[in-house]
Amino acid sequence: VEWPQPEGAVQVTVNPGDVLFFDRRLWHARSDNYSDFTRKVVFVGYTYRWIAIRDEVADLPRQPWWNGITPVQRQLLGHVGDGTGDHSWGHYPETTPLYGELLSRGLLDPEHPPLIP
């Protein structure tokens, strides 16, 4: 499907290894790659912990690989607690896998005492 370029659009070009930060609410799209090089990109969404994920993750526990991943990996894929989002990122640290893992490795900020023993 051909999409017309919006008025005022700006093409952003970067070099391999560059990092580009932008507000995800900006209208953005990729361009076609006509080069001989494969382009790879990683999008990392950072937001408040009470924001619910948009990805469709309900079917993940039925995947054959699901039982082979750790509780932290499940949390990062959107599955922890009761599904309301309150458990996902630390409102209840005693049941939050990532918090427990960081605590067990001594990786929590020493200026702030652990919330759980």
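Values in this text are rule-based calculations from the coordinates and carry no lab data. Computed from a predicted structure; not experimentally measured. Because the Cβ atoms are built from the backbone with ideal geometry, glycine has one as well, and the counts that use them run over all protein chains shown.
General observations
- Each of Ile69 and Ser31 was given a label point 7 Å from its Cα along the Cα-to-Cβ line. The distance between the two points is 3.4 nm.
- Our coupling estimate for the range 55-66, obtained by passing each phi through the Karplus curve with A = 6.51, B = -1.76, C = 1.60 and θ = phi - 60°, is 5, 8, 10, 4, 7, 4, x, 8, 6, x, 8, 4 Hz, Gly and Pro reported as x.
- FRET efficiency, 1/(1 + (r/R0)^6) with R0 35 Å, evaluated for Asp23 and Leu108 via beta carbons: 0.75
- For the pair Asn15 and Glu94 in one chain, pulling the backbone fully straight at 0.36 nm per residue adds 24.1 nm over the alpha carbon distance.
- Rounded to the nearest Hz, the phi-derived 3J(HN,Hα) couplings of the range 13-19 under the Karplus curve 6.51 cos²θ - 1.76 cosθ + 1.60 (θ = phi - 60°) are 10, 9, 9, x, x, 6, 10, where x marks glycine and proline.
- Sites Leu77 and Val41 - FRET efficiency at Förster radius 25 Å, r taken between beta-carbons, to 0.05: 0.80
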